[in-house]
Amino acid sequence: MTLSVGVLLSGGGSNLQSIVDHIDEGFLEARIRVVLSNEPKAGGLARAQKHRIQTSVLDHRSYSSREEHDSALLKVLQAEGVEVVCLAGYMRLLGKSLVRAYPGRILNIHPALLPSFPGLDAQQQAADYGVRISGATVHFVDEFLDHGPIIIQGAVPAYPGEGRDDLARRILTLEHRIYPQALQWLARDRLRLTDGRVHLLPDKERSVKGSRSQPLLVNPPLEEGF
Ligand code: GAR
């Protein structure tokens, strides 16, 4: 099934770009119907336009409440026939009515291993805390900040003394892989949400190579014998 996707963003749009690239390369069965931004100057708008994707700017400062802004967003999403909403660096909380209009159909990506470090500049929060492993999370969205059932997480090492930006770059590279993957699972109807947990159904058409191997990232690395 080709997913009809609407992307909400506030910034540069590198995650949007990765979704577009995976569609163009035939790895993701989706079509982006519209890109919406609450920030008129968001770089993601120009990226969308370059790919001839329809854009719409709904500046939240022009609305008197979150509800009003959300309902304007919803109108555009519905008018464009959007089935799945992707938050890709959308730096605003969604209100209840928007979340409820797309039950189990809104995804977000966050640059940390949730539930650690929700909110703004998660990479700085992780660097400040001194974690040795951080990463990124794609999750279904509920009405709380960076919260909801987790679909996929990826981890990267964090090194003492390195700046926030080096960690952020490593995390972003990972984001660009896990977000399109989560969407493709949705397109293939392989995600089931039961009791607040996400289950990934096996691919009917392909047996997954290496499915028995345990992914493991330990940092600093384990020494011999451990
Ligand atoms: C990404 O790192 C994304 O995970 C983050 O904003 C960045 C957007 O980058 N989102 C959040 O922090 C959500 N709480 P992009 O505009 O280049 O895709």
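The values are calculated or read from the model by the stated rules, or taken from the named source; none is laboratory data. Note that the structure is predicted; figures quoted are calculated from it, not measured. Please note: Cβ atoms are built from the backbone with ideal geometry, for glycine as well, and neighbour counts cover all protein chains shown. In case anyone asks, the SASA skips ligands and DNA or RNA and just uses the protein heavy atoms, side chains included. Shrake-Rupley method; radii C 1.70, N 1.55, O 1.52, S 1.80 Å.
Here are a few things to note about the model shown:
- Any chance Ile133 is more than 13 Å from the ligand (Cβ to nearest atom), touching a residue at least 60 places away in the same chain (Cβ under 8 Å) and out of contact with any Gly (no Cβ under 8 Å at 6 or more places or on another chain): yes
- Check on Asp146, on the phi > 0 side of the Ramachandran plot, outside any helix (DSSP H, G or I) and without any contact (Cβ under 8 Å) to a residue 40 or more places away in the chain: yes
- For Val5, the conditions (1) in a strand (DSSP E or B); (2) open to solvent by 10 Å² or more (accessible area, probe 1.4 Å); (3) touching an Asp or Glu at 6+ places or on another chain (Cβ under 9 Å) are fulfilled apart from (2).
- Residue check for Asn15: over 14 Å from the mean Cα position of the chain (by Cα), touching a residue at least 12 places away in the same chain (Cβ under 8 Å), closer than 23 Å to Asp146 by Cβ and within 16 Å of the ligand (Cβ to nearest atom): no
- Within the stretch 20-42, restricting attention to residues that are within 15 Å of the ligand (Cβ to nearest atom), among the aliphatic types (A, V, I, L, M) and surrounded by fewer than 23 Cβ atoms within 10 Å (Cβ to Cβ), the residue that is farthest from Glu83 (Cα to Cα) is Val20.
- Hey, Tyr102 modelled with pLDDT of 95 or more, among the hydroxyl-bearing types (Ser, Thr, Tyr), open to solvent by 50 Å² or more (accessible area, probe 1.4 Å) and farther than 14 Å from Phe144 by Cα or not: no
- The stretch 150-226 holds strands (runs of 3 or more DSSP E) entirely within its bounds, and those carrying 3 or more residues that are open to solvent by 70 Å² or more (accessible area, probe 1.4 Å) and at pLDDT 95 or above map to 197-200.
- Of Asp70, Asp121, Asp59, all but one fail to be within 16 Å of the ligand (Cβ to nearest atom) and at pLDDT 95 or above; the exception is Asp121.
- Out of Val82, Val57, sole residue that is open to solvent by 30 Å² or more (accessible area, probe 1.4 Å) and touching a Ser or Thr at 6+ places or on another chain (Cβ under 6 Å): Val57
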